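One structure is given here, and the rest of the page talks about it.
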Amino acid sequence: MSKRIVVNVGLLETRVAVQEGNLLTELYLERHRHRSIVSSVYKGTVTNVLPGMQAAFVDIGLTKDAFLYAGDYTANLTELSRSMLEATDEEPDADLDVDEEPKREATGPIEEMLSRGQAVLVQVSKESLGTKGARITSFISLPGRYVVYMPQARHVGVSRRIRDERERDRLRAALRSLPLPSGGFILRTNAEGKGEAEFAHDVEFLSRLWSQIQHRFETTPAPAVLHEEMDLTFRVVRDLLSPEVDEFVVDERAAYDKCLGYVQALVPALAERVRLYTERSPIFEAFGIEKDIEKALRRRVWLKSGGYIVIDHTEALVSIDVNTGKYVGKRDFEQTVLKINLEAVNEVVRQIRLRDLGGIIIIDFIDMEVLEHREQVYKALKRALAEDKARTNVLQISELGLVEMTRKRVRQDLRALLTQHCPTCRGAGVVKSNETLATEIYRALQAKAATEAPPGEGREIVARVHPELAAYLESEGRADLERLEAGLEVKITVQAASSQAQREDYELRVRRDSH
């Protein structure tokens with residue numbers, strides 16, 4: 001299947017789309033005023049230590065203090081952390097995915113390792129999400145084109161995506177033949193087929209970078225940025241551009257020149273695949289990407305068969321529901337269900353990658369009675385997720401057709417990046433019906449009449465409501481208003497507020513006759 005990377009440079013943001021065939025599978029966005037801080041290295045100051053949570057808050061110069069968990073802290077940055085990867089030392093060739101952080105346990109109570117006012121060297125592992133500050137770690141990892149350097153580790157690993165054992169052995173041998181600095185390395189997926197020359201360039205660059213970071217830590221007052229991760233276009237060239245990509249299209253001359261320079265420096269063999277887009281129509285429109293982005297913000301996604309999936313966000317998790325929709329099959333109901341579930345697998349995974357969904361994800365497939373069918377769908381899901389760069393953990397499909405999975409959350413998902421809470425529904429996704437609002441206003445009118453409009457001549461209460469509700473009260477609700485007027489012995493006047501007013505907001509005001 002053909003693969004394309006499309007770069008759109010706008011006034012406020014840069015967007016990078018990855019297409020497989022004509023389908024959008026991944027979207028990256030970087031606002032020029034708010035660049036991603038993931039992988040940037042800081043010198044921070046501990047502001048608070050929380051023994052009960054085994055965590056600390058660290059000021060790294062952002063609006064919110066960053067969060068440091070005890071298991072993400074090593075007390076001595078000048079020594080190799082022996083406790084960190086002892087199992088890997090015993091098995092130096094243990095498989096490690098380049099995107100996967102080794103599981104770490106705290107070496108002691110955090111109050112014994114950190115104190116308020118202490119300076120620490122840390123790296124951002126997760127963006128600030130919602131009300132939470134950024135998550136940080138002191139286990140530094142510096143990615144190159146082919147290898148990732150981890151100064152506090154002591155192993156050589158190979159990306160799990162490289163499955164050929166001979167190639168894995170060859171890559172380890174090639175890297176170990178070089179004069180390596182102290183620390184550990186992981187060979188990335190891009191390293192497949194490469195040799196000592198490419199690895200030597202990465203090792204030299206990353207070793208020099210680590211020395212610079214250490215020097216800046218010693219000489220710079222906290223809080224301070226010691227190393228800032230490169231911009232989005234550089235990261236795309238470094239991490240996504242591979243021989244599988246047929247073309248790399250950029251729509252702006254300066255960005256094109258910059259991308260071409262990155263490619264010529266990092267992977268010159270692919271330089272001819274970089275081209276400048278010169279057509280008059282917007283690049284995302286021309287490649288059909290804009291429509292796919294708009295669809296990625298919808299709750300419902302249709303499948304070609306007529307079935308559909310529904311994606312809902314809650315505070316704790318994301319739920320994805322698969323439905324038969326318009327598809328009724330031919331003869332066998334179980335085969336119909338299997339066909340829709342298998343079709344849904346690829347779309348579900350595409351939407352997870354495209355929307356960059358993270359945390360706990362529950363997928364509710366249509367119930368399958370046949371065990372073999374459940375196994376078929378589960379294996380298809382695992383195969384589809386193998387292309388996802390983010391770390392995932394998928395549990396077996398249940399008898400009810402439910403799949404529980406987790407996906408590593410590093411940045412805000414697409415929905416959080418591109419949208420904000422609706423001011424009318426306040427994020428609930430629903431608003432009160434006309435009948436409910438009318439009933440609420442009738443009760444408020446009764447209370448208003450009892451407390452602020454004592455019996456007498458010329459009593460009137462003016463209700464200013466949203467135009468839609470005003471129209472309802474003057475038509476379907478007219479009879480109810482008249483009965484309320486008679487019962488309260490007060491005149492009720494309905495006025496339409498500005499169309500900019502919130503649907504559920506209203507104002508009641510007592511107006512007395514001046515005579």
In Å², what does the accessible area per residue of the chain work out to with a 1.4 Å probe?
52
Rounded to 10°, Cα long-axis angle of helix 333-355 versus longest principal axis of the chain:
80
Provide the gained length on full extension for the span Ala471 to Glu111, in nm with one decimal, where the gain is 0.36 nm per separating residue minus the Cα-Cα distance.
123.2 nm
Can you list the aspartates and glutamates whose alpha carbon sits under 13 Å from that of Lys382, skipping same-chain ones fewer than 8 residues off?
Glu404
Under the helix-only model (-39500 (n - 2.57) for each DSSP H run of 4 or more, divided by the residues of the chain), the mean residue ellipticity at 222 nm, to 500 deg cm²/dmol, is -9500 deg cm²/dmol
If you take Cα Rg over 2.2 N^0.38 Å from the coordinates, which of [x] 1.48; [y] 1.25; [z] 1.19 do you get?
[y]
A 31 angstrom limit on the alpha carbon distance is what I want to check against. Which of Lys304/Lys432; Lys43/Lys194; Lys126/Lys295; Lys43/Lys389; Lys3/Lys43 exceed it?
Lys304/Lys432; Lys43/Lys194; Lys3/Lys43
Could you run the Karplus curve 6.51 cos²θ - 1.76 cosθ + 1.60 with θ = phi - 60° over segment 414-431 and give me ³J(HN,Hα) per residue in whole Hz, x for Gly and Pro?
4, 4, 5, 6, 9, 10, 9, 4, 5, x, 7, 8, 6, x, 6, x, 9, 10
Rounded to the nearest 10 degrees, what's the angle between the helix 434-452 long axis and the longest principal axis of the chain, both from Cα atoms, 0 to 90?
60
Taking a label point 7 Å from the Cα of Leu395 along the Cα→Cβ vector, which residues of segment 361-376 have an amide N closer than 16 Å to it?
361-365
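What's the extension gain from Met1 to Thr451 if we count 0.36 nm per residue and subtract their Cα-Cα distance?
Working: separation 450, 0.36 × 450 = 162.00 nm, distance 7.28 nm.
Fully extending the segment from Met1 to Thr451 adds 154.7 nm.
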With x for Gly and Pro, the residue-by-residue ³J(HN,Hα) of segment 283-297, computed from phi through the Karplus equation 6.51 cos²θ - 1.76 cosθ + 1.60 at θ = phi - 60° and given in whole Hz, is 5, 6, 5, 4, 9, x, 7, 4, 5, 5, 5, 4, 5, 5, 9
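What's the local net charge at Glu285, with K and R +1, D and E -1, over the other residues with C-beta under 13 Å away? Don't skip to the answer; put the middle values down first.
On the way: positive: Arg15, Arg280, Lys291; negative: Asp251, Glu279, Glu290, Asp292, Glu294.
Here the charged neighbours net out to -2.
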Report the calculated FRET efficiency for Glu440 and Thr314 (r = Cβ-Cβ distance, R0 = 35 Å), to the nearest 0.05.
0.85
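When Lys and Arg each count +1 and Asp and Glu each count -1, what net charge do the other residues less than 14 Å away from Lys432, Cβ to Cβ, add up to? Show your work: numbers first, answer last.
On the way: positive: Arg426, Arg443, Arg503; negative: Glu435, Glu440, Glu468, Glu504, Asp505.
Overall, the nearby charge balance is -2.
Counting only protein heavy atoms, what percent of the accessible surface of segment 315-423 is carbon or sulfur at a 1.4 Å probe? Display every interim value, and only then the final one.
Working: 2950 of 5990 Å².
Carbon and sulfur atoms account for 49 percent of the accessible area of segment 315-423.
When only DSSP loop residues count, what trypsin sites (Lys or Arg not before Pro) in segment 360-456 have their Cβ near at most 11 other Cβ atoms within 10 Å?
Values: sites: Arg374, Lys379, Lys382, Arg383, Lys389, Arg391, Arg407, Lys408, Arg409, Arg411, Arg415, Arg426, Lys432, Arg443, Lys448; in loops: Lys389, Arg391, Lys408, Arg409, Arg411, Arg426, Lys432.
Passing both the DSSP loop test and the Cβ count: Arg426.
The values are calculated or read from the model by the stated rules, or taken from the named source; none is laboratory data. Quick caveat, the model's predicted, so the values are computed rather than measured. No Cβ is skipped: glycine too gets one built from the backbone with ideal geometry, and neighbour counts run over all protein chains shown. The area values use the complete protein model at the heavy-atom level, side chains included, leaving out ligands, DNA and RNA. Shrake-Rupley method; radii C 1.70, N 1.55, O 1.52, S 1.80 Å.
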